[in-house]
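These notes concern the structure reproduced below.
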Amino acid sequence: MAGLAAPKFGFAQQTVSNQAYTGKAQPGDETRTQRLQWWHEAKFGMFIHFGVYSSIMRHEWNMENEAPPIEEYMAHAKSFKPSRTGPRAWAKLAKRAGMKYMVLTTKHHEGFCNFDTKLTEYNAVKQGPGFDIVKEYVDAARAEGLRVGFYYSLMDWHHPDGAHCATDEAARKRFVEYTHGLIHDILSNYGKIDVLWYDVPWPLDADGWESKRMNEMVFKLQPEIVVNNRNKLDGDFSTPEQKIVAETGGRAWESCMTLNDSWGYQRADDAWKTSKTVVRNLISCARDGGNYLLNIGPKPDGSIPEESVRILTEVGDWMAANGESIYGSDPCQPRRSNYASFTRKGNTLYMHVHFWPGEYVSIGGLSVKVKSAKLLKGGKPVTFTQNEWHVKFTGLPEKAPDSPVTTIAIECDGEPAQDNIRVRKEKPRAGV
Ligand code: GLC
């Protein structure tokens, strides 16, 4: 190993997951409830990771995890020639899948800007693409009636000050100026933007990034925007990554997840989730009051991997019949079942059966009375019996009526709640 310099920075890839919520006063506090209203109702969004890394086809961390020489990496920025129509296909698929908003990487860790800016030549207009990818994306999302979000990585592997800004004050000032300038550009040049999604704040803290001033600028430019927590302020919502972990106390949260194991296109990654897994994840997020931001990693030309199209189309078919159980749903307390999970809207409980047992399904410990039940897809009434311990839905077919998950809409006489511990303690036992 002689000749290899010792690495200067010890740093794990997943530096940011769900940053702890501090609850400290900060920009946007007074308007948060209103600003988050559409976002809470939407529940389901599309994340898009697209950049020079897409054309390298080896995951968006190629530049650090394989560490090619900078000239070699920058040559890809010249040969990166996506089609202008890619974003239209992304927006159409998002709409088809039942998603209500989109979030595109405007600049990922590699430092390449997908938008036009005077602050760097390392941008889509001046390099290979020759057009403003962000503009095409914004127009495409709006054409489908979807809300528009921008992801922006604070960490930057390209900018000369991107690392030593941590130890050199002049560099920090330059880099913070540059960063605030780029954020100013994306929030000034494309009309109304609905979401700003910061990522990886390495190597600075909130003071170093001047995050309070950053967010003040953001709300001045876009008074109705919602902002995440990855510039080391609380922002409006938390961002559990690749996992579903609910926030407490009414704090908003959004779980972001890949469809395989990569955010940016990685040709060989075949670890695709099934549409059933995606639907179950979406249900879990909605049950606990959160959103689900699901990623696609378009190919070098901007087209969407076939597997992603297939999975999201299946999800879209399900959402077309079952969307009422997701959009605008309320946090839901019932959760115990061996084959189903639940969402709720007012006094209606939605039982989402993912392992269809045939003939009948039951819920133990439901503490409200069921008034009526029906299959959500097609509206066929479902018969049931109920006693103190359980409700049993009967006369069901052997084969699941819907795919990948069958939903029964259950109208109750109060807010549905479930108490399985009462069942355990009090349901009459037999003699020995
Ligand atoms: C992580 C990864 C990054 C990805 C992001 C999405 O921070 O570094 O590649 O964009 O997660 O949440």
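Need the C-alpha centroid separation for the stretch 391-418 versus the stretch 284-312, integer Å.
After rounding, the separation between the Cα centres reads 27 Å.
Tell me, what is the FRET efficiency for Glu64 and Ala143 to the nearest 0.05, using R0 = 30 angstrom and their Cβ-Cβ distance as r?
It comes out at approximately 0.25.
Probe radius 1.4 Å, ligands and nucleic acids ignored: give me the carbon and sulfur share of the accessible area of the stretch 340-426 as a rounded percent.
Solvent-exposed carbon and sulfur of the stretch 340-426 make up 49 percent of the total.
Report the full-extension gain for the segment Asp270 to Ala206: residue separation times 0.36 nm, less the Cα-Cα distance, to one decimal in nm.
Here the segment from Asp270 to Ala206 would lengthen by 19.3 nm.
With θ set to phi - 60°, apply the Karplus curve 6.51 cos²θ - 1.76 cosθ + 1.60 along the stretch 390-407 and write out the HN-Hα couplings as whole Hz, x wherever there is a Gly or Pro.
With the stated coefficients, the stretch 390-407 comes to 7, 10, 10, 9, 10, x, 8, x, 5, 9, 4, x, 9, 9, x, 9, 9, 10 Hz.
Among rounded, prolate and oblate, which fits the stretch 100-236 when a ≥ b ≥ c are the square roots of the eigenvalues of its C-alpha gyration tensor, a/c under 1.5 means rounded, and a/b larger than b/c means prolate?
Working: a/c = 2.09, a/b = 1.29, b/c = 1.62.
In terms of gyration-tensor shape, oblate.
State the extension gain, in nm to one decimal, for the chain segment bounded by Phe355 and Ala20, taking 0.36 nm per residue of separation less the distance between their alpha-carbons.
Details: separation 335, 0.36 × 335 = 120.60 nm, distance 3.52 nm.
Stretched out fully, the Phe355 to Ala20 stretch lengthens by 117.1 nm.
Can you tell me how the stretch 29-325 classifies by the Cα gyration tensor, rounded, prolate or oblate, using a/c under 1.5 as the rounded cut?
Verdict is oblate for the stretch 29-325.
With respect to the cross-link table entries Lys135/Lys212; Lys369/Lys399; Lys369/Lys392, which display a Cα-Cα separation exceeding 19 Å?
Numbers: Lys135/Lys212 27 Å; Lys369/Lys399 27 Å; Lys369/Lys392 12 Å.
Pairs exceeding 19 Å: Lys135/Lys212; Lys369/Lys399.
Taking a probe of 1.4 angstrom, what is the accessible area of Asp168 in Å², to the nearest 10?
Result for Asp168: roughly 60 Å² accessible.
Taking Cα atoms, how many degrees apart are the long axis of helix 86-97 and the longest axis of the chain, rounded to 10 and kept between 0 and 90?
Helix 86-97 and the main axis of the chain meet at about 10 degrees.
Give me the number: length gained by fully extending Thr85 to His390, i.e. 0.36 nm times residue separation minus the C-alpha to C-alpha distance, one decimal in nm.
Once the chain is fully extended between Thr85 and His390, it gains 104.4 nm.
Using helices alone, I'd like the mean residue ellipticity at 222 nm for the chain: each DSSP H run of four-plus residues gives -39500 (n - 2.57), total over residue count, nearest 500.
Calculated mean residue ellipticity at 222 nm is -8500 deg cm²/dmol.
Could you give the angle, 0 to 90 degrees to the nearest 10, between helix 211-221's Cα long axis and the longest principal axis of the Cα atoms of the chain?
Tilt of helix 211-221: around 80 degrees.
Can you find, among Val218, Thr106, Asn281, the residue sitting farthest towards the positive end of the charge dipole of the chain, where Lys and Arg contribute +1 and Asp and Glu -1 at Cβ?
My answer, from the dipole projection, is Asn281.
My understanding is that a pair violates if its Cα-Cα distance is over 31 Å; which of Lys220/Lys276; Lys92/Lys126; Lys92/Lys377; Lys43/Lys371; Lys276/Lys345 do that in this structure? Write out the running numbers ahead of the final one.
Working: Lys220/Lys276 42 Å; Lys92/Lys126 28 Å; Lys92/Lys377 23 Å; Lys43/Lys371 27 Å; Lys276/Lys345 22 Å.
Those over the limit are Lys220/Lys276.
What nm distance separates the two modelled labels at Asn189 and Tyr339, each placed 7 Å from Cα along Cα→Cβ?
According to this spin-label approximation, the distance is 5.6 nm.
Collect residues whose amide H, placed 1.01 Å from N in the peptide plane, falls under 5 Å from the amide H of Glu254; neighbours closer than 5 in sequence don't count.
Here Ser238, Thr239, Asn291 satisfy the definition.
What does DSSP give for the stretch 29-325 in terms of the percent of beta bridges that are antiparallel, rounded to the nearest 5?
Given both bridge residues lie in the stretch 29-325, the antiparallel proportion sits at roughly 5 percent.
Taking amide H atoms as placed 1.01 Å from N in the peptide plane, list the residues 5 or more away in sequence, or in a different chain, whose amide H sits under 5 Å from that of Phe47.
Residues meeting the amide H criterion: Val103, Leu294, Asn295, Ile296.
Given a cut-off of under 8 Å on Cα pairs at least six residues apart, what relative contact order in percent is computed for the chain?
That works out to 16 percent.
What is the magnitude of the charge dipole of the stretch 289-395 about its Cα centre, with +1 placed on the Cβ of each Lys and Arg, -1 on the Cβ of each Asp and Glu, and no other charges, expressed in debye to the nearest 20?
The dipole of the stretch 289-395 has a size of about 540 debye.
Relative to the longest principal axis of the chain, what angle (0 to 90°, nearest 10) does the C-alpha long axis of helix 275-287 take?
The angle comes out at about 80 degrees.
How much FRET efficiency would the formula 1/(1 + (r/R0)^6) give for Arg429 and His180, where r is the Cβ-Cβ distance and R0 is 60 Å, rounded to 0.05? Provide the component values of the computation, followed by the final result.
Values: r = 67 Å, r/R0 = 1.11.
Efficiency, rounded to the nearest 0.05: 0.35.
Out of Gly250, Gly28, Gly323, any idea which swings most in a Gaussian network model of the chain, alpha carbons joined below 10 Å?
Gly250
Just to be sure I understand the model, the point goes 7 Å from the Cα along the line to the Cβ. What's the resulting Glu71 to Ala417 distance in nm?
Calculated label separation equals 7.0 nm.
Amide H of Ser367 versus every other amide H placed in the peptide plane: which residues, excluding those fewer than 5 positions away on the same chain, fall under 5 Å?
Under 5 Å from the amide H of Ser367 lie the amide H atoms of Ala417, Gln418, Asp419, each far enough along the sequence or on another chain.
Just to make sure I understand: if all protein chains stay in place, what is the order of His49, His40 by accessible area at 1.4 Å, largest first?
Most to least solvent-accessible, the answer reads His40, His49.
Hey, how many Å between the Cα centroid of the stretch 179-238 and the Cα centroid of the stretch 333-385?
When both Cα centres are located, 42 Å separates them.
The values are calculated or read from the model by the stated rules, or taken from the named source; none is laboratory data. Please read all numbers here as calculations on a predicted model, not as lab measurements. Here Cβ is always computed from backbone atoms with ideal geometry, including for glycine, and neighbour counts include all displayed protein chains. With ligands, DNA and RNA removed, areas are computed over all heavy atoms of the protein, side chains included. Shrake-Rupley method; radii C 1.70, N 1.55, O 1.52, S 1.80 Å.
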